Amino acid sequence: MPILYSYRRCPYAMRARMALKYAGIQVEHREIALRDKPKSMLLVSPKGTVPVLCVDGLILDQSLDIMRWALEQSDPDGWGEVDKEVSQTWVEKNDGPFKVLLDQYKYPNRFPDLNQEDVLNSAIELMLKPMEYALQSSKYLMGDKKSLVDVAIFPFIRQFAGVNPQRFEGLPFSSVKTWLNQQLESDLFNSVMIKHPTWIDASE
């Protein structure tokens, strides 16, 4: 059985777990402690970040690689059947500049020189406005059915909304909020948020 090293609240691990679950791939789930990472994980992936998937000698330690691998095994609803260029643009924007803004917004004490309103406005212009525009004409970011793009981006928008829920609720993006709530309430998301005991290597 494939082994997945994961951390429950990590957005990268979330999207990998969702893709694996969707594809019907059973894994041995190993929940890590960030401050005490298991040696078995560091041996296969020295960079020490989650998720890490080990399957038949293959080591995948990038969440998007895990998602794509899962869809190659099984993609019953066609998550991968989207315009590759457009989907890549969305994901690269999310994983690159938006993730930077998200960290600046979530951890203001780490960035004392930054104005929080400026950070919020930059995130709105970069991600939320284009998402709202896309979601006004279709249920999901790439059309009327869920795709890899929605699942890849959702955990980060969830995190962004959670920094200041009241402030997020006051933003004029009703389509984004509807989309976010659909993901939050989905059986798929809730099934991958079950708590697991922390994995401890047998030799420790």
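Assorted remarks:
- Note that the range 10-73 shows a convex hull volume over its alpha carbon atoms of 81 Å³ per residue.
- Structure remark: mean-square fluctuation, Gaussian network model of the chain, C-alpha springs under 10 Å; the largest value among 189, 98, 168 belongs to 168.
- Helix-only mean residue ellipticity at 222 nm for the chain, each DSSP H run of n ≥ 4 adding -39500 (n - 2.57), per residue, nearest 500: -14000 deg cm²/dmol
- Using alpha-carbon coordinates, inclination of helix 11-22 to the longest axis of the chain, degrees: 70
- What you get for the range 11-163, charging only the Cβ of Lys and Arg (+1) and of Asp and Glu (-1), is a dipole of about 480 debye around the Cα centre.
- Computed lengthening from residue 93 to residue 139, 0.36 nm per intervening residue step minus Cα-Cα distance: 14.5 nm
- Within a Gaussian network of the chain (alpha carbon springs, distance under 10 Å), most fluctuating of 103, 118, 56: 56
- Radius 14 Å from Cβ of residue 76, net charge of other residues (Lys, Arg +1; Asp, Glu -1): -1
- The alpha-carbon of residue 146 sits under 26 angstrom from the alpha-carbons of these lysines, leaving out residues fewer than 8 places away in its chain: 21, 84, 93, 99, 129, 177, 195.
- Estimated translational D of the chain in µm²/s (Stokes, Kirkwood radius over Cα pairs; 4 °C; 1.567 mPa s): 72
- The residue 100 and residue 202 beta-carbon pair, evaluated with R₀ = 30 Å, returns a calculated FRET efficiency of approximately 0.15.
- When only Cα pairs below 8 angstrom with a gap of at least 6 residues are kept, the chain shows a relative contact order of 26 percent.
- Calculated FRET efficiency for the pair residue 185/residue 111, C-beta based, R₀ 30 Å, to 0.05: 0.40
Each reported figure results from applying straightforward, stated rules to the coordinates on display, with no laboratory input. Since we're looking at a predicted model, the values are computed, not measured. Neighbour counts are summed over all protein chains in view; Cβ atoms, including those assigned to glycine, are modelled from backbone coordinates with ideal geometry.
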